[in-house]
1. What is the residue count in region 1-22 for residues that are surrounded by 15 or more Cβ atoms within 10 Å (Cβ to Cβ) and assigned to a helix (DSSP H, G or I)?
2. With respect to Gln114, is the statement that it is of a type outside the set (Lys, Arg) and touching a residue at least 12 places away in the same chain (Cβ under 8 Å) true?
3. When you scan region 19-36, do you find a residue that is of a type in the set (Phe, Trp, Tyr), under 16 Å from His8 (Cβ atoms) and over 23 Å from the mean Cα position of the chain (by Cα), even just one?
4. What number of residues within region 227-262 are free of Cβ contacts under 8 Å to residues at least 24 places away in the same chain and among the polar types (S, T, N, Q)?
5. Please find, within region 160-199, the residue that is surrounded by the fewest Cβ atoms within 10 Å (Cβ to Cβ) out of those that are in contact with a strand residue (DSSP E or B) (Cβ under 8 Å, 6 or more places away or on another chain) and part of a helix (DSSP H, G or I).
6. Residue by residue through region 44-68, note down the ones that are more than 23 Å from Ser134 (Cα to Cα) and either of a type in the set (A, V, I, L, M, F, W, C) or crowded, with 19+ Cβ neighbours inside 10 Å (or both).
7. Taking Leu108, is it in a helix (DSSP H, G or I), in contact (Cβ under 8 Å) with a residue 24 or more places away in the chain and under 11 Å from the mean Cα position of the chain (by Cα)?
8. Out of the residues in region 30-78 that are part of a strand (DSSP E or B) and not basic (Lys, Arg), state the one that is modelled with the lowest pLDDT.
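The values are calculated or read from the model by the stated rules, or taken from the named source; none is laboratory data. Every value quoted in this text rests on a predicted model; they were computed, and no experiment measured them. Using ideal geometry, Cβ is built from the backbone for each residue, glycine included, and neighbour counts are taken over all protein chains shown.
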Amino acid sequence: MIGVTLRHMRYFSALAAHRHFGRAAEACAISQPALSLQIKELEEMLGAPLVERTARQMHLTTLGEDFLERIQDILVRVDDLEQLVRSSKDGLTGRLRLGIIPTVAPYLLPRVIQTLGERFPDVEIEPRESVTQSLVEGLLSSQLDIAILALPISDPALREFALFDEEFYLVRPQTEADAPVPSAASLEAMRLLLLEEGHCFRDQALSFCEISGTRPKHIMEGSSLSTLVQMVGAGIGATLIPEMALDYETRSAEVCVARFQGQRPRRTIGMIWRKASPLGDQFMTIGASIRNLAEASREKRVPSVSGTA
């Protein structure tokens, strides 16, 4: 295995994470042919294939799976060393690989990048939008430094820092503006529009509506909150969306917004990072900056609702 470098390991780790040469190359900021060449070179050094390539999919071989498991620990330790050096300097510098879930990214990420750019001018932010499971895996494999998502995660290797709480609101067609707002229990009988499986917001909405099962018969799925709201405006059903998305998503749709009463659905958005990271104190400072930003933004946001339930 003489000749295998950290670059080889990082490229293979990215390929294993994305399971796609094009997306892995983009994540590594290199061309797809360059990535393919590095993987081929690594396989030649090892004397056996690490991936199985087909026209549609890419899979890791048994050796690939075993090799990935062993290099992940190496990459995490190397990243810790890099962060240790960064933590010894005055202020935060260098790249910051920030993950964020899709139901937060459009409404918070631009302001986060602007705020952190002003607060930490020597930091280069590299954002990545993905679902919770992917972000957690990225943190544990040292492909991300921090992630913004819904808490709790409850992983003993990760530190959680709460940023803010927000409610879920019911969005219905405009024609139902004067209709009574249904209770959580009665939502199960409605045609409910939710995000595709894999999104934590979907699971939180299902939990509030006391709906079990992976695909209840009355549920229709969409790929984004924008899609769901536009479908509601077309009279297809109703949906739940988080408070931060209300103004942005409902301003151009023929919908009405209602707030639940009693035990309202809500979520806690927070930031997480590996407990072993030497940059923990700096990440706490970043978290405090994002928390202040979120609080200031919320004070300016006054949701317009049609009623309560």
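1. 12
2. Judged against the criteria, Gln114 is not a match.
3. Our first condition is that a residue be of a type in the set (Phe, Trp, Tyr); within region 19-36, this holds for 21.
Retained after the next criterion (residues that are under 16 Å from His8 (Cβ atoms)): 21.
Then keep just the ones that are over 23 Å from the mean Cα position of the chain (by Cα); that gives none.
Within region 19-36, not a single residue is of a type in the set (Phe, Trp, Tyr), under 16 Å from His8 (Cβ atoms) and over 23 Å from the mean Cα position of the chain (by Cα).
4. Total satisfying the criteria: 3.
5. Gln174
6. Matches in region 44-68: Met45, Leu46, Ala48, Ala55.
7. Taking the combined requirement at face value, the residue does not satisfy it.
8. Among those that are part of a strand (DSSP E or B) and not basic (Lys, Arg), it is Met58.
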